[in-house]
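Beneath this line is the structure, given in structure tokens, with notes to follow.
The values are calculated or read from the model by the stated rules, or taken from the named source; none is laboratory data. Predicted model only: the values in this text are computed from it and were never measured. All Cβ positions, even for glycine, are placed from backbone atoms using ideal geometry, and neighbour counts span all protein chains on display. Accessible surface areas use protein heavy atoms only, side chains included; no ligands, DNA or RNA. Shrake-Rupley method; radii C 1.70, N 1.55, O 1.52, S 1.80 Å.
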Amino acid sequence: MRSDLLSMFPEELSELCVSLGQPKYRGKQIFEGLYKGKRELSEFTSLPKAFRDSLEENAFIPTADIKRKLVSKIDGTVKYLYELHDGNTVESVFMRYHHGNTMCISTQVGCRMGCAFCASTKAGLVRSLMPSEMLLQILEAERDLGERVSNIVLMGMGEPLDNYDNVIKFLKLVNHEGGLNIGLRHISLSTCGLVDKIDRLADEGLPVTLSISLHAPNDEIRRQTMPIANKWSIKQLLDACRRYTDKTSRRISFEYALIAGVNDSRENAHELGRLLTGMLCHVNLIPVNPIKEKNFQRSEKNAIKVFTETVETYKISATVRRRLGSDINASCGQLRASDLEEG
Ligand code: SAH
């Protein structure tokens with residue numbers, strides 16, 4: 001199988017070069033070239049022609065071409081639909097915040113977690129992304145916009161912890177000083193709660209912010225919308241979160257999509273408050289984005305206010321997520337879904 005050059009560390013590239021009869025330092029040369037934007041082996045003009053030819057035979061550089069691009073007229077948020085080398089498509093969103101540019105990237109084509117409110121999972125999992133394909137979502141947006149990305153959220157399509165090894169490699173590559181050099185503290189990984197993988201992540205020594213898609217204050221409600229709740233209870237999940245905080249000293253961020261009549265009552269807020277009391281955490285309340293297939297409605301304005309204030313009485317910080325790019329369907333999964341339908 002040909003090696004995917006953009007998924008490799010400089011040391012791995014060096015090994016490849018040596019195996020092809022070249023000096024070790026060529027590995028670093030290739031690594032640097034990739035992050036300078038070279039996407040064809042023919043662009044590596046400082047490499048001997050014969051070596052480039054043997055690279056063509058043994059390796060390749062994956063691509064992500066911009067298939068569609070939507071720019072919000074409201075806040076400048078940019079949404080990309082990328083086409084990968086095999087014709088599959090993934091979505092990413094570029095957002096401008098006061099603390100820097102944030103890129104929300106996908107980790108899989110589709111998803112197999114099956115959350116009832118989510119557009120990404122409707123057609124199941126097609127395949128997981130390679131580290132390079134996660135990197136390209138950032139690199140191609142930076143190139144297109146002429147701007148740097150300083151923060152990354154793994155909150156696009158897919159379940160990052162269901163693509164564990166590739167996501168870990170991506171995190172190390174994105175953090176590499178010769179690459180994008182983005183600090184791990186500027187990266188958030190969002191998961192629906194794969195408890196065993198959260199424990200593995202805690203031991204990696206990669207202090208990313210962990211974001212947990214909780215979306216319910218008890219197991220009964222959670223099981224109605226999130227199949228993963230049948231595998232692990234909220235108690236097991238929160239215990240894993242506590243272990244994560246113990247090991248990394250990182251505050252956990254809980255995502256809670258407010259769905260009218262499902263999880264947004266005052267009693268639900270009290271339950272959530274009791275549940276999270278004493279945890280080093282923050283709660284992000286997100287009025288649910290209705291998707292076509294499901295009749296979920298966003299909570300009323302007043303219900304959102306009451307919910308937020310009730311949670312805060314437990315001395316838990318809670319904010320209602322500002323909706324960026326609301327005019328361009330910026331929630332992930334929706335653009336790919338509509339593109340698939342249009343063919
Ligand atoms: N699989 C990971 C990351 C991708 S989803 C996870 O589950 O966390 C990113 C976030 O968007 C998750 O919190 C997810 O639950 C939420 N989400 C998905 N569909 C949504 C919708 N229709 N409205 C609001 N939030 C949604």
Over region 86-342, what portion of Cα pair distances is larger than 30 Å, expressed as a whole percent? 24 percent
Log10 I(q)/I(0) at q = 0.23, 0.31 Å⁻¹ for region 145-189, from Debye over equal alpha-carbon scatterers, is -0.85, -1.19
Identify the trypsin sites (Lys or Arg not before Pro) of region 270-301 meeting these criteria: DSSP loop state and at most 16 other C-beta atoms within 10 Å of the C-beta. Lys292, Lys294
Given a Förster distance of 22 Å, the FRET efficiency implied by the Cβ-Cβ spacing of Ser233 and Leu280, rounded to the nearest 0.05, works out to 0.60
Nearest-5 percent of antiparallel DSSP beta bridges in the chain? 45 percent
With contacts defined as alpha carbon pairs under 8 Å and 6 or more residues apart, what's the relative contact order of region 86-342 in percent? 18 percent
At R0 = 22 Å, FRET efficiency that the Cβ-Cβ distance of Arg52 and Asp4 yields, to 0.05: 0.85
Can you spot the lysines whose alpha carbon is less than 19 Å from Lys28's alpha carbon? Ignore those fewer than 8 places along the same chain. Lys36, Lys38, Lys49, Lys169, Lys172
Mean-position separation - Cα centroids, region 159-176 and region 100-151, in angstrom: 12 Å
For region 3-60, just run the numbers: alpha carbon Rg, then divide by 2.2 N^0.38 Å, N being how many residues it has. 0.95
Roll a 1.4 Å probe over the protein chains and send me the accessible area per residue for the chain in Å². 44 Å²
Could you work out the helix-only [θ] at 222 nm for the chain, with each DSSP H run of four or more residues adding -39,500 (n - 2.57) and the total divided by the number of residues, to the nearest 500 deg cm²/dmol? -10500 deg cm²/dmol
Under 5 Å between amide H atoms, partner at least 5 residues away or on a different chain: which partners does Lys67 have, H built in plane at 1.01 Å? Leu81, Tyr82, Glu83
Please report, in Å, the Rg and the Dmax of region 28-129, where both are computed over Cα atoms only. 17.7, 54
Apply the Karplus curve 6.51 cos²θ - 1.76 cosθ + 1.60, θ = phi - 60°, to the phi angles in region 50-67 and return the couplings in whole Hz, x for Gly and Pro. 5, 5, 4, 5, 6, 5, 4, 6, 9, 8, 8, 10, x, 10, 9, 8, 6, 8
Within the chain, what whole-number % of the accessible surface is contributed by carbon and sulfur, with the 1.4 Å probe and all protein chains included in the calculation? 49 percent
Pair Arg148, Glu40: separation of 7 Å Cα→Cβ label points (nm): 2.9 nm
When the Cα centres of region 244-305 and region 180-205 are compared, how far apart do they sit, in Å? 20 Å
The longest stretch of the chain containing none of the GluC sites (Glu not before Pro) that sit in a DSSP loop with at most 15 other Cβ atoms within 10 Å is 41-146
Amide H proximity to Glu255 below 5 Å, modelled H, separation 5+ or other chain, gives Ile212, Ser213, Leu214, His215, Asn284
Would you mind computing, in nm to one decimal, how far apart the modelled labels at Gln224 and Tyr97 are, each placed 7 Å from Cα along Cα→Cβ? 3.0 nm
J(HN,Hα) series, region 269-284, from Karplus relation 6.51 cos²θ - 1.76 cosθ + 1.60, nearest Hz, glycine and proline x: 5, 4, 4, 5, x, 5, 4, 9, 3, x, 8, 7, 7, 9, 10, 9
Leaving out same-chain residues fewer than 8 places away, which aspartates and glutamates sit with a Cα under 17 Å from that of Lys231? Glu159, Asp162, Asp196, Asp199, Asp219, Glu220, Asp239
